[in-house]
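To start, the structure under review is shown below, and the notes come after it.
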């Protein structure tokens, strides 16, 4: 008897489940956005639009093993990136919850045991049963929630990719700036040696009665001003190292001994692969994030529309009772029931329609935001490209100027020693040489950081998580910590 009843209930519920639903919400399609076919500087000999930059662009662009090592450390240890990974995990569970809502929402196994005494008689009563209740997804109500949560998961992944792109560019930029300040320090120290030599020459000529005290004072003033620039460079260098340590997820004190060895500023590539402007829509994480948020909001419109229609809930219960626990599954005291009910908020139509319009207005705003994001992405890329091309062009002239300035110092020093020029000429040339050599180091660094901004604007770098050696979203110790706190993570944290 009980088996027949269970079969009847199961058959009815299955028939309703398989009956399908009618989705009344809008059908979402990815929107169009205005995007150019070519770059403004397409004809530049330094741009290769036929090929995209590789996933590890920092390695291809600079070929610096030390930078490669720092980026690997940051991807493994950076706390901002780890926080973004945990947001992905949260979105995964929100999607799982939404999927679970499509199945019977109430599933309970109930049981009771009681004993009572009346007029000298003792009665025992045992019962066990199973209840189930399910709201049919007639209008796509729960499927809209799944679509929204699925798009939300995609958006969280795009957010993670955006954090990854930003992290890599920040690490690379800090590293370049550290090497730049090391180079500027080296320039200052080299010029201190040159200026000290000139001061000694002026002092010797003064003691020999060949020049006035003015030459010595001017030489000493220039020398001390140059020495004063060293502490400022050292402070900036330490601050950059502290910032890099934070990006690597370690306290600054532990990182302080690293990168003490001075190295040259990494050279930039003469030709860079940038792909086509249309690639931005696929590569830029912020564009993908905006599009996925738009898709999620489209599903929210459909969910709001389902509130205008009746909700059908069906369910049933089945059980058995007995005076003795051993008779629960053998006697004929079995019970079962089926029910069906619907709810329709017909007196709240004004409020419900206003909510539909609200969700539609939010969708339209996100659509405008998406198109604006695409537009701004093109502007970012164009600005970064022109900045790099022009700084690379400047670098050619600054190199020539610095070389000429160095030669002028050598010539002027000899001429002053032989009395052919006054010290005013020499000190002017020494001061100009310091500025020229420092400017060359600064422009070399800014050219490299401009190139980093190009790759960041193109949205590259996140693809490393899709390669054969992907970046694990969460480190092993974090997974173990979560498993120790909540054992239910098994099989989910893969």
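With runs of 4+ DSSP H residues as the only contributors, calculate the mean residue ellipticity of the chain at 222 nm using -39,500 (n - 2.57) per run, divided by the residue total and rounded to the nearest 500. Estimated from H runs of four or more residues: -22000 deg cm²/dmol.
On the beta carbon distance between residue 394 and residue 271, with R0 = 22 Å, the FRET formula returns roughly 0.80. Could you give the angle, 0 to 90 degrees to the nearest 10, between helix 423-458's Cα long axis and the longest principal axis of the Cα atoms of the chain? Roughly 20 degrees between the two axes. Between residue 382 and residue 66, the modelled labels are 3.8 nm apart [label points 7 Å from Cα along Cα→Cβ]. Between the Cα long axis of helix 141-207 and the first principal axis of the chain there is an angle of about 10°, rounded to the nearest 10. Measuring between their Cα centroids, region 19-52 and region 287-325 lie 33 Å from each other. Put in order of Cβ neighbour count within 10 Å, fewest first, the listed residues 199, 425, 58 become 425, 199, 58.
Between 0 and 90 degrees, the angle of helix 2-18 with respect to the longest Cα principal axis of the chain falls at about 50 degrees. Exposure proxy ranking for 449, 321, based on other Cβ atoms within 10 angstrom of each Cβ and starting from the fewest, stands as 321, 449. Rg and Dmax, both from the Cα atoms of region 142-217 and both in Å, are 30.5, 98.
Taking only alpha carbon atoms, region 96-203 gives an Rg to Rh ratio of 1.68, where Rh is the Kirkwood radius. With the convex hull drawn over the C-alpha atoms of region 124-170, the volume per residue is 111 Å³.
Between region 347-362 and region 424-439, the C-alpha centres lie 72 angstrom from each other. Estimated at 0.36 nm per residue, the fully extended path between residue 481 and residue 404 surpasses their Cα-Cα distance by 21.6 nm. Divide the volume of the convex hull around the Cα atoms of region 338-407 by the residue count and you get 157 Å³ per residue. Kirkwood radius, region 193-336, all distinct C-alpha pairs, inverse of mean reciprocal distance: 26.1 Å. According to the Kirkwood relation over distinct C-alpha pairs, the hydrodynamic radius of region 369-469 is 16.8 Å.
Approximating the spin labels as points 7 Å out from Cα along Cα→Cβ, the residue 116-to-residue 40 distance works out to 8.6 nm. With both labels modelled 7 Å from their Cα along Cα-to-Cβ, the residue 431 to residue 197 distance reads 2.1 nm. This ranking places 479, 241, 390 by how few other beta-carbon atoms lie within 10 Å of each, fewest first, which gives 390, 479, 241. Cβ-Cβ distance of residue 343 and residue 99, R₀ of 25 Å, FRET efficiency by 1/(1 + (r/R0)^6): the value works out to about 0.60. Computed from these coordinates, which is Cα Rg over 2.2 N^0.38 Å: [x] 1.00; [y] 1.57; [z] 2.05? Derived directly from the coordinates: [y].
In plain terms, the chain from residue 424 to residue 204 could stretch by 77.5 nm, reckoned as 0.36 nm per residue minus the Cα-Cα distance.
Every number here is computed from the coordinates shown, using simple stated rules; none is lab data. Treat the numbers as computed from the prediction; the structure is a model and nothing was measured. Positions of Cβ are backbone-derived with ideal geometry, glycine not excepted, and every protein chain shown enters the neighbour counts.
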